[in-house]
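The block underneath contains the structure these notes are about, expressed in structure tokens.
Computed from the coordinates by the stated procedures, all read-outs in this text should not be read as laboratory data. As the structure is a prediction and not an experimental result, all values here were calculated from the model. All Cβ positions, even for glycine, are placed from backbone atoms using ideal geometry, and neighbour counts span all protein chains on display.
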Amino acid sequence: MKRISPAWTAILIVLALCGMEACLEGSETGNPAKGTTGILKTLDGIPAANARVYLLPQDFNPLDLVAKKTKLATATTDRYGRFRLTVIDSGIYNLEALDLKSGARAFIKGLAITKGVVELPEQTLKYPGRIEASLEGAADTVNGYIYVTGTTLYKKVSAVNGKVSLDSVPGGIIDSLQYGNPERTVAPRPFAWNLEVAPEAVTMVAAPYLAWKRTRTIILNTTGAGAGVAGTVTRIPLLVRLSQANFDFSAAANGGLDLRFTNGRGGPLPCEIGHWDASANAAEAWVLVDTVFGDSMQKLHMYWGGNTAAPLQSGAVFDVADGYAGVWHLDEDPTGAAPQLQDVSGRNNPATAIGFSSPVGTAPGTVDGGLALDGKTQFAATRKSFVNPQVFTLSGWFRTSTTVGGKLLDFTDADTSITTLYRDRHIFMSTNGIIHFSVYPPIAANQADPNPGVYKTIDSPKPLNDGQWHQIAARLSPGGQALFVDGTPVASDPASTVAENITGYWRWGYGGLDNWTVPGTSRYFQGTLDEIWIVHSARSDDFIKLNFENLKTDSRLFQFP
């Protein structure tokens, strides 16, 4: 990047309205009764002589300059750095100032001009930045351009590699980057939004799906009117529910294989199809969102109608690198060949369903289907063992009206056998409907059994056997033991940070409860389970709340404007 000369380290637009037109030596255009005027100076106070100033409609398309379809309202500063710009029509304008020698720019957005001369606030130009864009798959890499609406900024896309570098971009927030061509044979299309351009820095953006026929913006709302999540959450799988109201199924490939998502900078986000029924205009897609900002409204972008779409990558959304020991949607028939319940994470840790002899084990879930347990003989166990996980977050959805309790989740030394010697890391319900999260840390740290331990249990404040869907989450970490109900922390023990030192399997629906709860509590759980997520890392409170707010049936997280 060309460095700005010391005399032009910045440009200062100074409020200096002239009462008489005669005081200006620079050029002007339009009706002098209406417009804006001012003085350009360097930061050290030297007048910016012979600088160019442009007054642009807020919706100005700079590709009209390439096509020679328009003329700009421009002025050149005089030897004192003064300028006057006037316009004929009232409207909302942007003002752009440019030093032709150094490339330094000043930029003011949203000037409302109706009558008289507008007084401008002081503006200091920082060093300009640069935007590097990669437009693989663009519809026209021969005559395609990227540009910023309401500015004079545009650049032709390379026909060789689909890349483009937009230099001398004013520091600040760029509302959006657009792609199109001067002839308008390609409909203008935004592909990156709310870009922060820093001085002397490069902002990288991408637009891999410009050739896709359909696109739609999705608003992620974490304000109080949406999900109500205050903190920033990173790398969270989010469920996008599609229907006839927000998606045209007729334009999508079979099974949704061409469905794609990007973040605000056009960066691709991993996606997997959870459920797809085009005939019913209903689908669910999982998207791994890199960053969700708290108490904000941000944009994601959805694309479909791609004729050359490659297959979606399995296991990319629930990435093993993010700590997943397994994720089970539980929408399969549990009477099929074992292992029946597929793990959608990259761990490839399927679970075997035990005790199911007919398809009564399937039931509606909070997300598509769920696993219905009879409370007598049925449970499920994962097939891969893990050595002594000491940091973990467990979560799952359940619905029950049982009055005899039962085991929802635990970690034990046996996978499919009902005979176990060791069991720990429990989530279970007692006969009164209260949910408990328990661990059994040894007295001697890291010592394996046999070793007497101490029972550590925290409880939900009220019964949850009300026949409604609830999400339960439990976390153990150096920060302590914590229990969450429906996204809200309800109990904790900061001093409890260790579980029993065993190698075992994660199971749900059955487990021993000796010495853990009141007599009469069933070992088997009767009810419906859905969305079992087991993570060998500590998820934040905001992650757990956002996950709940996303998966509940009346979610307000996503909006389709």
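The table below gives the values:
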{"read-out": "Entry for semi-axes √(5λ) of the Cα gyration tensor in Å (calculated from the structure that is shown) out of [x] 40, 27, 22; [y] 60, 25, 19; [z] 42, 25, 25", "value": "[y]"}
{"read-out": "Karplus 3J(HN,Hα) series, Hz, for region 280-286 with 6.51 cos²θ - 1.76 cosθ + 1.60 (x for Gly, Pro)", "value": "9, 6, 9, 7, 9, 10, 9"}
{"read-out": "Full-extension gain in nm, Ala338 to Ala159, via 0.36 nm per residue minus C-alpha separation", "value": "59.2 nm"}
{"read-out": "10 Å Cβ shell holding at most 11 others, DSSP loop, trypsin sites (Lys or Arg not before Pro): longest site-free stretch of the chain", "value": "116-375"}
{"read-out": "Dipole in debye (nearest 20) - region 163-306, about Cα centre, beta carbon charges: Lys, Arg +1; Asp, Glu -1", "value": "260 debye"}
{"read-out": "Glu196-Ala230 FRET efficiency (beta carbon distance; Förster radius 22 Å; 0.05 resolution)", "value": "0.50"}
{"read-out": "Table column - 3J(HN,Hα) (Hz), region 210-216, Karplus curve with 6.51, -1.76, 1.60, x for Gly and Pro", "value": "5, 7, 5, 6, 10, 8, 8"}
{"read-out": "Set of lysines with alpha-carbon distance to Lys384 below 21 Å, sequence-local pairs under 8 removed", "value": "Lys407"}
{"read-out": "Which of Gly171, Ser385, Ala253, positive extreme of dipole for the chain (C-beta unit charges)", "value": "Gly171"}
{"read-out": "Using θ = phi - 60° and Karplus 6.51 cos²θ - 1.76 cosθ + 1.60, couplings along region 552-559 (whole Hz; Gly, Pro as x)", "value": "5, 5, 9, 4, 10, 6, 9, 10"}
{"read-out": "Principal-axis tilt of helix 541-551 within the chain, Cα atoms, nearest 10 degrees", "value": "90 degrees"}
{"read-out": "Long-range HN-HN contacts of Ser345 with modeled amide H, under 5 Å", "value": "Val327"}
{"read-out": "Contour excess over end-to-end distance, with Cα ends at Ala310 and Ile173 and 0.36 nm allotted per residue", "value": "46.0 nm"}
{"read-out": "Extension gain (nm, one decimal) between Gln244 and Ile92, 0.36 nm per residue minus Cα-Cα", "value": "51.0 nm"}
{"read-out": "Helical contribution to [θ] at 222 nm, DSSP H n ≥ 4, -39,500 (n - 2.57), averaged over the chain, rounded to 500", "value": "-500 deg cm²/dmol"}
{"read-out": "Cut-off 20 Å (backbone N to label point 7 Å along Cα→Cβ of Val404), residues of region 462-492", "value": "464-468"}
{"read-out": "At most 12 other Cβ within 10 Å, DSSP loop - chymotrypsin sites (Phe, Trp or Tyr not before Pro), region 436-528", "value": "Tyr455"}
{"read-out": "Using a Förster distance of 45 Å, the FRET efficiency for Phe293-Ser385 (Cβ separation, nearest 0.05)", "value": "0.75"}
